[in-house]
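Note sheet for the following structure.
The values are calculated or read from the model by the stated rules, or taken from the named source; none is laboratory data. Remember, it's a predicted structure, so these values are computed and weren't measured experimentally. So basically every Cβ, Gly included, is an ideal-geometry build from the backbone, and we count neighbours across all protein chains shown.
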Amino acid sequence: MAIAAALAVLGPLGWWWRASLMPGTYSVMDMGYPDYGGGSRVDHSTMHHGGTEVTALTGPRDRPADVSVTLVARAERIGLPDGRTVAGYTLNHASPGPQIRARQGQLVEVRLVNESVPDGVTLHWHGYDVPNAEDGVAGVTQDAVAPGDSHVYRFVAKDTGTYWYHSHQVSHEQVRLGLFGALVVDPPTGAPAGVDRLALVHTYGGRRTVDGRPGETRVAAAPGSTVRVRLVNTDQGTIRAWVSGAPYRLVAVDGRDRTAAPPVTAAAIVLPAGGRADVEFAVPDGGGAVRVDVGAATALVVGPEGAAAAVTPEPAASIDLLSYGEPAPIGFDPGRATRRFDYRIGRRFGFLDGRPGLWWTINGRLYPDVPMYMVSAGDVVRMTIANDSGETHPMHLHGHHAVVLSRNGVAATGSPWWTDSLEVADGETYEIAFVADNPGVWVDHCHNLSHAAEGLLAHLAYTGVTTPYRIGGGGHNHPE
Amino acid sequence: MRSTYRVFAYLIAAGVLVQAATVAYAWFAVIQDIDAGGVFDKNAGANPGHYAHGIVGMAVIPLIALIFLVLSFFARIPRGVTWAGITFGLTALQVALAVVSFSAPLVGALHGLNAVALLAAALVAARRAVEPVPQQPVAA
């Protein structure tokens, strides 16, 4: 009797635990279950050609690059200006790494050399819709670059705007510890007139910094001049930024311009993890300065030398991108969607690879039993992202920009809200749409990278495209 | 088996005390970090107190409670299975309350109160194991 009772309790638990164990190495193609979203299960183009490997989907290899950069990754201590040093990773002995700046249409080539990062490294171009083989996701689009090895990325800078790059190998540690930098693409005519200032926000060892500097950083700008500040949130969580001393306009989000962005005075900008916001304002003629706060008393102070900026407290209100700016054509009709997907995020007790805990679920299931969203080139895709997990999730789809259609059933009415890093707060439901125009295998995950490591990672795959790379195993690939 | 049952009951009671201690330490550590200019946000992750609270609460105590429940089937303690079941059930409830509290922080108050109920159940169970076995009538 006692033995039967014990088996009745332990049997299902043991089975549950055992079923959660993952093989030492696996392909993302074998992970979870395909979700065709109501569309076709076959790609008609591959019925004649026999399918495409990710390795074939590269940027141009046949001509010299216009912008050529070598980045050397090292494990070393990062010095902060306040005198402290923190253990971390650098690119060319710096964190953040060098800014990569190109003009639209140029061919960018980046040679990544891993000198001493033990786990291996990659570079992912966050928000930049590069060809799949250049996407830099270990175990999906390439093998992690081991110490002593190198890897070359090549892509055409086809979109203007503010982006960033970071390692996508053990990324929840490597990004936090410094393996990242900015990618900015100007129009073919060059950077716009006025002051153009990059502001990479990152928290090192519990100290929030802008471009590696905690506290106030002064930026010289003449009275009356126009200033663009390119805010990049390289952290794991949402930050709120606000501007004191002048009205500002939020002129671009996630590398896409906002049409007819109106001036804002008393509202903050909510910047999801991985997101970017370009802010434009004029330095007052009266001799004052403008202050751009990113929280934790860290700020840029922009103006003539010695000018003071009023420090206003953080506004309670924030810009709602759903209604900010004026509508404009988006170039496709979401009403003619050929695939419809659900990406419902929850949380429950369970086993993740044998470890008991509270884990994230996608459509009710734990990693790796998550959907593989299947599309074909040319599909118009609608995806509903719902979050009922108790915490906020900045969702990041690689290789595509999506437009927000609605939030909690309220349709978007402002400037088209193109995004690659969308904050989906607890209790919220977003509907987004995008055109499947970049064949490959693309991860679609939470950019609170610790959450991705806890299983909040799925992927979008084009029918007929396969990857030879594997997670785990000999390549030691751990993309999260 | 009776003494093993008792030990496991006390282990769960001790686990509750560890949880009260770790979560209190965790938040005082956060307050001190902030005083020193630190930022407590999603980057900060778990400090040692939070980390211990998570591991002990999500893995260690549930595992002990599970073993305790299975042990109770073999221990032949009057109402021993009942009290092990109550202890296990309150442990499961404690985890469930933690899950809900991320969305509804006020539910976290119940998480704190349920900890006291779990402590009491574990102590009652332990006492059942120390009560002497009733004297069997001597066979004639």
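Odds and ends about this structure:
- Matching residues in region A:340-354 - criterion: being in a strand (DSSP E or B) and either under 20 Å from B:Pro62 (Cβ atoms) or more than 13 Å from every other protein chain (Cβ to nearest Cβ) (or both): A:Arg340, A:Phe341, A:Asp342, A:Tyr343, A:Arg344, A:Gly346, A:Arg347, A:Arg348, A:Phe349, A:Gly350, A:Phe351, A:Leu352
- For beta carbons closer than 6 Å, sequence separation of 6+ or different chains, a first residue in region B:20-32 that is more than 25 Å from B:Ala117 (Cα to Cα) and a second that is part of a helix (DSSP H, G or I), the qualifying pairs are B:Ala29/B:Gly49.
- Listed by position, the strands (runs of 3 or more DSSP E) enclosed by region A:22-114 that each have at least 3 residues that are of a type in the set (Gly, Ala, Ser) and either farther than 28 Å from A:Met372 by Cα or modelled with pLDDT under 85 (or both) are A:67-79.
- Within region A:167-191, tally of residues that are within 24 Å of A:Asp437 (Cβ to Cβ) and in contact with a helix residue (DSSP H, G or I) (Cβ under 9 Å, 6 or more places away or on another chain): 1
- Criterion: modelled with pLDDT under 95 and buried (at least 20 other Cβ atoms within 10 Å of the Cβ) - qualifying residue of A:Val370, A:Val424, A:Val441, A:Val381: A:Val370
- Among all positions in region A:193-206, there is at least one residue which is part of a loop (DSSP other than H, G, I, E, B), in contact with a helix residue (DSSP H, G or I) (Cβ under 9 Å, 6 or more places away or on another chain), over 22 Å from A:Glu326 (Cβ atoms) and not acidic (Asp, Glu).
- Residue in region B:38-59 that is over 22 Å from A:His451 (Cβ atoms) and either more than 10 Å from chain A (Cβ to nearest Cβ) or of a type in the set (S, T, N, Q) (or both) present: no
- Residue check for A:Val69: away from chain B (no Cβ under 14 Å), touching a residue at least 12 places away in the same chain (Cβ under 8 Å), closer than 30 Å to A:Pro131 by Cβ and more than 27 Å from the chain's Cα centre (by Cα): no
- Breaking point among (1) within 14 Å of another protein chain (Cβ to nearest Cβ); (2) over 15 Å from B:Asn43 (Cα atoms), for A:Val219: (1)
- Flag for B:Ala20 being within 12 Å of chain A (Cβ to nearest Cβ), assigned to a helix (DSSP H, G or I) and within 20 Å of the chain's Cα centre (by Cα): no
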